[in-house]
Amino acid sequence: MEENIKIVLKQDKLDSLKVYADLLNKDINTMLDEALERYFKVEKERIIDKEESATNLDYDEFWKGVDFDD
């Protein structure tokens, strides 16, 4: 099932797309696809780094200072 998505770009972004398309001799759709690929790669790495930093404690470090006596 294909979903329709409405994408709205500000005028300055549209103007920049047109300028860069001419400068680079590229299709705007190609440029947007490349930009999204880079964005997804960066965000994936950021998420992985965040998850790794949240789980880098060993057992003793994790439980240090926790009082189990009721």
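With springs only between Cα atoms under 10 Å apart, run a GNM on the chain and tell me which of D22, D33, D12 wobbles the most. Highest fluctuation among the options: D12. Computed over the chain, the range of Cα coordinates on each principal axis works out to 68, 31, 25 Å, biggest value leading. Cβ-Cβ distance of N29 and E52, R₀ of 30 Å, FRET efficiency by 1/(1 + (r/R0)^6): the value works out to about 0.30.
No value in this document is a laboratory result; all are computed from the given coordinates. As the structure is a prediction and not an experimental result, all values here were calculated from the model. Note: ideal-geometry Cβ built from the backbone for every residue, glycine included; neighbour counts use all protein chains shown.
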